[in-house]
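A.B. asks: This is the structure, below, for whatever I ask next.
The values are calculated or read from the model by the stated rules, or taken from the named source; none is laboratory data. Just so it is clear, the model here is predicted, and its values are computed rather than measured. Don't worry about glycine lacking a Cβ; one is built from the backbone with ideal geometry, like all the others, and counts go over all protein chains shown. Surface accessibility is based on the protein's heavy atoms, side chains included, excluding ligands, DNA and RNA. Shrake-Rupley method; radii C 1.70, N 1.55, O 1.52, S 1.80 Å.
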Amino acid sequence: MWLSIPTSVHRNILALALPMILSNISIPLLGLVDSIVIGHLEEAWYLGGVALGSTVMMFIVSMCNFLRMSTTGLTAQAFGKQDNTVILMTLAHAFLIALVLSVLLLLGKNYIVELAFMLTEASDNVQQNAQAYLSIRMWGIPAALFNFAILGWLIGLQNMKAPMLLLIIANVFNIVLDILFVVYFEWGVEGAAAASVIAEYAALLFGLLLVLKQLNKFSLPSRTEIIQRLFESSKLLGLLSLNRDIFIRSLCLQLTFAFMTFKGASLGDEYIAANAVLLNFLMFISFALDGVAYAVEAMVGKAIGAKNTIAYRQSVFASLIWASVFSLMFSAVFFMFGEGMVSVITDIEAVNTIAVEYLPWLVLLPFTAVWCFVFDGVFIGATRAKDMRNSMLFCVICIFVPTYVISSGLGNHALWLAMNTFMLARGLSLAWLLYPSLKDEAT
């Protein structure tokens, strides 16, 4: 199978993956820009505050990433069946869920922040700056959730150029406003938060234009039929069940990232700041490899919708090959240029020294994490959410937590050992679940 994959499949993987890799890389660049503009202020607690606030915000928003995942899988399968009505209703249902969640999260935002701060041992200075950041940043939640729905829908249609433009425009806005608000206006952490919120709503406006442009290509049902199907109980219950399982999976994943930040905070302001730098690099790896995952989501979903077993298998194996190539490249970049990248982000000597000490874990991470990203894409395209949920629960409860507890005497090294082990276990467990079905998944 590995040697018999047609060149056209490799070209298709690259045509879909490369635009998403390039655009996805711009997402962690936002965190890097935040870290750079804040990391050159005089005290570590400014960077620590942004790190803690960003972690809380990312935890909230990433828990809702099921909107993107389920929308991609369902849209891709409908695209394979050439069912325009289901394609439209998938987006409509995603928008409905995004609206309801946005209202609930905004109503409960103060309680969420209070709970988050109860679970951290960060210093008062770090918490004060995190509070200032979140008081502004959380108003961007509605735009973030609607953007998830739009992004997933466009990816499911294998239209990678549109989401690439969406992400790049959002991130360019954010970077420019970051520099303007923090460096020139000297608004500090509040400026970094405001830049992110404005950029998210700018992206939403652009995304809606992209959706309208895409809809013009389809023959659509009547408005009455759309309203009737929007609240059709069987469809909603099925969608909510799918989203529930992906939500549990995403919640577990975000708990591990939040644990990294909160436990790092208990080691001191310099450690939470250093881990923030390294976690930005981790996000860089994650979002870049997600570009391949997005490609395989679209290709696998379309193959299953079209009942094409051969295309399904070829998509899986080709994506594994290219994800491995990209992971090798990322490891080489961090090995050769990691120390220089850390020094660009912050000139606080203590933070710089700590970050460089733990940098080897980031060199290793692309190898331990590459498989879980690819297999996540396969399971999303196949809408096998229960398997993703079960795999994640196993890896958090039986791998991540025990690894940290056993190695906790190693301090910050224990956190990074647990993260690498966890990522490797995710890939292996998903591979174990996927292997028996490769021969008949799309039949």
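A.B. asks: Residue 196 - would you say it is of a type outside the set (Asp, Glu), assigned to a helix (DSSP H, G or I) and surrounded by fewer than 19 Cβ atoms within 10 Å (Cβ to Cβ)?
C.D. replies: So residue 196 does not fit the description; no.
A.B. asks: For segment 421-438, give me each residue that is in contact (Cβ under 8 Å) with a residue 40 or more places away in the chain and more than 11 Å from residue 256 (Cα to Cα).
C.D. replies: 421, 424, 426, 427, 428, 430, 431, 433, 434, 438
A.B. asks: Taking segment 100-130 only, how many residues are touching a residue at least 12 places away in the same chain (Cβ under 8 Å) and open to solvent by 80 Å² or more (accessible area, probe 1.4 Å)?
C.D. replies: So the count comes out to 3.
A.B. asks: For residues that are aromatic (Phe, Trp, Tyr) and either closer than 24 Å to residue 79 by Cα or touching a residue at least 40 places away in the same chain (Cβ under 8 Å) (or both), tally how many sit in segment 326-344.
C.D. replies: Qualifying residue count, segment 326-344: 3.
A.B. asks: How about segment 395-411: which of its residues are of a type outside the set (A, V, I, L, M, F, W, C) and in contact with a helix residue (DSSP H, G or I) (Cβ under 6 Å, 6 or more places away or on another chain)?
C.D. replies: Correct list: 403, 404, 407, 408.
A.B. asks: Could you please find all residues in segment 381-394 being in contact with a helix residue (DSSP H, G or I) (Cβ under 6 Å, 6 or more places away or on another chain) and closer than 17 Å to residue 240 by Cβ?
C.D. replies: Of everything in segment 381-394, those that are in contact with a helix residue (DSSP H, G or I) (Cβ under 6 Å, 6 or more places away or on another chain) and closer than 17 Å to residue 240 by Cβ turn out to be 383, 385, 386, 388, 389.
A.B. asks: Moving on. Please tell me if residue 133 is of a type in the set (Phe, Trp, Tyr), part of a helix (DSSP H, G or I) and open to solvent by 20 Å² or more (accessible area, probe 1.4 Å).
C.D. replies: no
A.B. asks: Let me ask something else about it. Please indicate, with yes or no, whether at least one residue in segment 78-89 is touching a residue at least 24 places away in the same chain (Cβ under 8 Å), touching a Phe, Trp or Tyr at 6+ places or on another chain (Cβ under 6 Å) and either under 22 Å from residue 283 (Cβ atoms) or not small (Gly, Ala, Ser) (or both).
C.D. replies: Yes, that holds for at least one residue.
A.B. asks: Another question, then. Taking segment 287-300, which residues are touching a Phe, Trp or Tyr at 6+ places or on another chain (Cβ under 7 Å) and open to solvent by less than 10 Å² (accessible area, probe 1.4 Å)?
C.D. replies: Correct list: 288, 289, 292, 293, 300.
A.B. asks: Can you name every one of the helices (runs of 4 or more DSSP H) wholly within segment 329-443 that holds 1 or more residues which are under 30 Å from residue 81 (Cα atoms) and open to solvent by 30 Å² or more (accessible area, probe 1.4 Å)?
C.D. replies: Once the helices (runs of 4 or more DSSP H) in segment 329-443 are filtered for at least 1 residues that are under 30 Å from residue 81 (Cα atoms) and open to solvent by 30 Å² or more (accessible area, probe 1.4 Å), what remains is 359-381, 385-395, 412-434.
A.B. asks: Give the residue, chosen from 218, 247, 185, that is open to solvent by less than 90 Å² (accessible area, probe 1.4 Å), at pLDDT 85 or above and in contact with a helix residue (DSSP H, G or I) (Cβ under 7 Å, 6 or more places away or on another chain).
C.D. replies: Exactly one residue qualifies, and that residue is 247.
A.B. asks: Tell me the residue from 154, 239, 208 that is part of a helix (DSSP H, G or I), of a type in the set (A, V, I, L, M, F, W, C), under 30 Å from residue 303 (Cβ atoms) and at pLDDT below 90, please.
C.D. replies: From the options 154, 239, 208, the qualifying one is 239.
A.B. asks: Of all residues being among the aliphatic types (A, V, I, L, M) and touching a residue at least 24 places away in the same chain (Cβ under 8 Å) in segment 306-325, which is farthest from residue 375 (Cα to Cα)? Just the residue, please.
C.D. replies: Checking each candidate, the answer is 306.
A.B. asks: Quick one: would you say residue 431 is over 23 Å from the mean Cα position of the chain (by Cα) and modelled with pLDDT of 90 or more?
C.D. replies: no
A.B. asks: Are there any pairs with C-beta distances below 6 angstrom linking a residue in segment 382-400 that is touching a residue at least 60 places away in the same chain (Cβ under 8 Å) and polar (S, T, N, Q) to a residue that is assigned to a helix (DSSP H, G or I) and open to solvent by 60 Å² or more (accessible area, probe 1.4 Å), with the two at least 6 apart or on different chains, and if so which?
C.D. replies: Partner pairs satisfying both residue conditions: none exist.
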